[in-house]
Amino acid sequence: MTAVRTFHTICYCLLFLPGRSLCFWQKEPQNTLWKPVDPDYNWNKRRTGTTPEWRGGFALWKHYNASSLEDARPTPWTQGNMFKFLRRLNETSFELKSLYEPSAIGLWSVVTKEREMDGLLENGFTFSKTPNRVSKLPFSGQSSRVTIVHADGATVSGPRTLPRKPDDFSFAEIWLAETVDGVPESSKVGIFCQYNSTSGDLIQAFCMSETACADDAALSPDRALDLDSFRRAPTDPSRTAKPPSGWMSSVPLAALLQDYRIVRARSVRTTSPHDGEEMEMDLSNFDDDLPLVEPDLKQECYWCHRFENGIFLRLPRNIHGLEGDDTILIELGCWQCNGNYHRVILYGTKDEGLHTTIYEDWKPREKDANISTG
């Protein structure tokens, strides 16, 4: 068992130690830790659009631009609420309907129509089953991929190659999810970031907090909806997680998590960013003494922000501002309502694309002590 833990620790350190991550991902490891992912995994493990009845979520979207992210405490230039409704159409497709108040749209270039019944802006989309959930974006023809990095924990979607043509659409949508009161993914936070394909500059980044609505047959996108009633209700997606003292200071994350251990973790990499299969590695069985290791980056090329509601965000300032073999990543983390900290990382290089996703869930060791002592 000690030998296995040591081997896992070495593999994990290779991922993040300076100068070694590229070698680790380029070379096929001489071990059996990497396993192929079933092509239907990312479809079968989803929590979205799995029932024939509409299931809804109520969300708050906060929009940030590059200038606001230059501030130590970024302020959104606009924010607003929206509803998300999903239902299964059949075994190979599900439907999404989104309803926004105008202030929630920001620079999101989605085609909407205003509803006479309640004044909300509506748009919809139908998702179809494909191997590895790889599909073509309708407006650019690029390959886009949905990866469930960890079931009921993290999801990443978007193109995995960096833009090479002016009409390429460069974005990433990343979600972290919690199970609250036994309901999987009932509380979620997400980030959607979009970059200018030509200049590489950030166009927008909007942070999303979403809470599942209670099952109610009367709750439907086909009926008028009252935003104010949802803002007053318990479904208001205000974060209830309480970050530890020092969260908003310069204390390194590794120091804040020194008394935590990994309880859930998974890494997924693609064999091709376009349509290749995925490989997975279960990273959950680490030695308890393994510390959180920050990725080796050119820090001046990134925005890093901690928000008072317990969310952490790391974004590239410019996706063209790095050398071909430089590490490039997007990271989203947050403190959970149960006191754990989890994060998801979309990782790669400019030349190879964003080929790898990583999820980690950290739990205080004292919880284990309390359980063991009764």
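The values are calculated or read from the model by the stated rules, or taken from the named source; none is laboratory data. What you see is a predicted model; the values in this text were computed from it and never measured. So basically every Cβ, Gly included, is an ideal-geometry build from the backbone, and we count neighbours across all protein chains shown. Ligands, DNA and RNA are excluded from the accessible area calculation, which covers all protein heavy atoms including side chains. Shrake-Rupley method; radii C 1.70, N 1.55, O 1.52, S 1.80 Å.
Test Arg133 against the stated conditions and say whether it is closer than 24 Å to Leu322 by Cβ and buried (at least 21 other Cβ atoms within 10 Å of the Cβ).
no
The number of residues in region 171-194 that are crowded, with 17+ Cβ neighbours inside 10 Å, small (Gly, Ala, Ser) and farther than 18 Å from Trp303 by Cα comes to 3. With respect to (1) in a strand (DSSP E or B); (2) farther than 29 Å from Trp77 by Cβ; (3) open to solvent by 40 Å² or more (accessible area, probe 1.4 Å); (4) not acidic (Asp, Glu), the lone exception for Ala265 is condition (3).
Give region 268-287 a look and list any residue that's in a strand (DSSP E or B) and either among the polar types (S, T, N, Q) or modelled with pLDDT of 90 or more (or both), or say none.
Val268, Arg269, Thr270, Glu278, Met279, Glu280 - these are the residues of region 268-287 that are in a strand (DSSP E or B) and either among the polar types (S, T, N, Q) or modelled with pLDDT of 90 or more (or both).
Within region 307-337, the residues that satisfy the criterion of being in a loop (DSSP other than H, G, I, E, B) and closer than 13 Å to Leu202 by Cβ are Arg317, Ile319, His320, Gly321. Looking only at region 25-53, filter to residues that are outside any loop (DSSP other than H, G, I, E, B), surrounded by 13 or more Cβ atoms within 10 Å (Cβ to Cβ) and in contact with a strand residue (DSSP E or B) (Cβ under 8 Å, 6 or more places away or on another chain); which one of those is modelled with the lowest pLDDT? Out of the qualifying residues, it is Trp25. Only residues that are outside any strand (DSSP E or B), farther than 20 Å from Asn309 by Cβ and open to solvent by 30 Å² or more (accessible area, probe 1.4 Å) were counted across region 72-117, and they come to 12.
If you filter region 54-71 down to residues that are polar (S, T, N, Q) and closer than 18 Å to Met208 by Cα, you find that the one that is least open to solvent (accessible area, probe 1.4 Å) is Ser68.
In region 195-223, how many residues are of a type outside the set (Asp, Glu), farther than 30 Å from Glu70 by Cα and open to solvent by 60 Å² or more (accessible area, probe 1.4 Å)? Of the residues in region 195-223, 3 are of a type outside the set (Asp, Glu), farther than 30 Å from Glu70 by Cα and open to solvent by 60 Å² or more (accessible area, probe 1.4 Å).
Remark: Thr211 matches the filter, which requires a residue to be of a type in the set (Ser, Thr, Tyr) and closer than 23 Å to Leu120 by Cβ. Answer yes or no as to whether Val146 is open to solvent by 20 Å² or more (accessible area, probe 1.4 Å), under 23 Å from Ser284 (Cα atoms) and in a strand (DSSP E or B). Yes: the conditions hold for Val146. List pairs: first residue in region 305-316 and among the hydroxyl-bearing types (Ser, Thr, Tyr), second residue in a strand (DSSP E or B) and open to solvent by 10 Å² or more (accessible area, probe 1.4 Å) anywhere in the structure, Cβ distance under 6 angstrom, at least six positions apart or on different chains. Close Cβ pairs (under 6 Å, with a partner that is in a strand (DSSP E or B) and open to solvent by 10 Å² or more (accessible area, probe 1.4 Å)) do not exist here.
Against the condition part of a loop (DSSP other than H, G, I, E, B), open to solvent by 30 Å² or more (accessible area, probe 1.4 Å) and in contact (Cβ under 8 Å) with a residue 60 or more places away in the chain, how does Asp167 come out, does it pass? Criteria not met by Asp167.
Can you tell me which of (1) polar (S, T, N, Q); (2) out of contact with any Leu (no Cβ under 6 Å at 6 or more places or on another chain); (3) closer than 25 Å to Ser109 by Cα is the one Thr179 doesn't meet? If we test Thr179 against (1) polar (S, T, N, Q); (2) out of contact with any Leu (no Cβ under 6 Å at 6 or more places or on another chain); (3) closer than 25 Å to Ser109 by Cα, just (3) comes out false. The one condition from (1) modelled with pLDDT under 90; (2) assigned to a strand (DSSP E or B) that Cys304 does not meet is (1).
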